[in-house]
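The values are calculated or read from the model by the stated rules, or taken from the named source; none is laboratory data. Since we're looking at a predicted model, the values are computed, not measured. Cβ: placed from backbone, ideal geometry, glycine included. Neighbour counts: every protein chain shown.
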Amino acid sequence: MHISEGILSAPVLAAGAALAVAGTGIGLKKMDYDKIPEVAILSSVFFVASLIHVPLGPTSVHLILNGLLGLLLGWAAFPAILVALFLQGILFQFGGLTTLGVNTINMALPAVLCYFLFRNSITSVNNRRVIIGAFCCGFLAVGLSGLMVALSLLFTGQSFLNVAKLILLAHLPIMVIEGLFTVFVVKFLKKVKPEMLEVANATN
């Protein structure tokens, strides 16, 4: 879901940059400095996961894990994702610097939204509620990111309509995979390190 340089219009780029700056500012303000190592580790997980691209027509698909980052970091998902995308753009030319703001908002805003939607579910003592909440978080975060990428293209020009549709369709299986993966990670953390889930819920 990296949007490359030279595709988006100037108004879309400007709006994305402004929103990314605002979100990152909130994330840094709310971030507990004791959590910086955790934020760095999760940023690196996002970095590695989204490097593995599977070509599909004019687009490509890859794991995103923004729903998981949102659950564990809350608003701090913004700076974590921003740093990862910046390094990908500099080192591997995925995305780019002019599109950094748009790509950040497309990945990080769904992560934060899903955090607020499902943070209570993952700390529940009801196992079924935990599973459903974690799956929906991973599933919906990717779906919202795909929708935001599609809208970014459509706001640039109607000529991108078919590409926008393909992006949404191509990420349907990724949505399911990410939902299942998020369930696995949340269940694992509840057994071995439940404080990670509790702290995330308490600090945002």
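Structural remarks
- Criterion applied to PHE181, PHE135, PHE139 was being surrounded by fewer than 21 Cβ atoms within 10 Å (Cβ to Cβ) and assigned to a helix (DSSP H, G or I), and the one residue passing it is PHE181.
- Only one of the listed residues (LEU87, LEU69, LEU65) is at pLDDT 90 or above, surrounded by fewer than 23 Cβ atoms within 10 Å (Cβ to Cβ) and touching a helix residue (DSSP H, G or I) at 6+ places or on another chain (Cβ under 9 Å). That residue is LEU87.
- A single entry from LEU144, LEU169, LEU113, LEU154 fulfils the requirement of being at pLDDT 95 or above and part of a helix (DSSP H, G or I): LEU113.
- Looking only at the stretch 1-33, and only at residues there that are at pLDDT 90 or above and among the β-branched types (Val, Ile, Thr), the one that is surrounded by the most Cβ atoms within 10 Å (Cβ to Cβ): THR24
- Reported count of residues in the stretch 1-26, each being more than 25 Å from LEU168 (Cβ to Cβ), in contact (Cβ under 8 Å) with a residue 60 or more places away in the chain and touching a helix residue (DSSP H, G or I) at 6+ places or on another chain (Cβ under 6 Å), is 1.
- Filtered residues of the stretch 92-111 (kept if surrounded by 24 or more Cβ atoms within 10 Å (Cβ to Cβ) and within 18 Å of LEU73 (Cβ to Cβ)): ASN103, THR104, ILE105, ASN106, MET107, ALA108, PRO110, ALA111
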